[in-house]
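Student: I have a structure I would like to understand better, so I am pasting it below and will then ask my questions one at a time.
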Amino acid sequence: MRCNLEKERRGLILAGFFPLIWINTQAELESFKMEYANARLECNAADERANILASKVIGLEEKASEHLWLNLMVHQSHLRHLKLKGVAILGFPTLIRVVVHILFICLVFLFQLISMLVLIQMQQ
């Protein structure tokens, strides 16, 4: 029986069967390498787009934070101006104004925290 297997193997080698398998394996390996390289390029492009979007988000958050802060400063300046003129300040009771200011400061802090988290995520 062993002799028959040897003869069959020699016949397959002579017929070129094993080199054909090797060529197919090499072709599959090259195909896999190409797919891997393409996937890596797509991944790098996606990372680059994500970094660009993250930087735009950070810029918008900074602008929004500055805008909110400037609105608060304008509001406070207006209140000081009215007090100096001796005009009675109409509007919200004092407690509600304090709560609104605290919420505004928390909102500004939240925007800054989100910006820092996005920067940390980009660096990783």
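Student: Select from segment 96-111 the residues that are loosely packed, with under 12 Cβ neighbours inside 10 Å and not β-branched (Val, Ile, Thr) and list them in ascending order.
Tutor: Residues satisfying the conditions are Leu103, Cys106, Phe109.
Student: If you don't mind, another one. Somewhere in segment 29-36, is a residue modelled with pLDDT under 55, basic (Lys, Arg), surrounded by 10 or more Cβ atoms within 10 Å (Cβ to Cβ) and over 28 Å from Met122 (Cβ atoms)?
Tutor: Within segment 29-36, not a single residue is modelled with pLDDT under 55, basic (Lys, Arg), surrounded by 10 or more Cβ atoms within 10 Å (Cβ to Cβ) and over 28 Å from Met122 (Cβ atoms).
The values are calculated or read from the model by the stated rules, or taken from the named source; none is laboratory data. Computed from a predicted structure; not experimentally measured. Cβ sites come from the backbone with ideal geometry, for glycine too, and all protein chains shown count toward neighbours.
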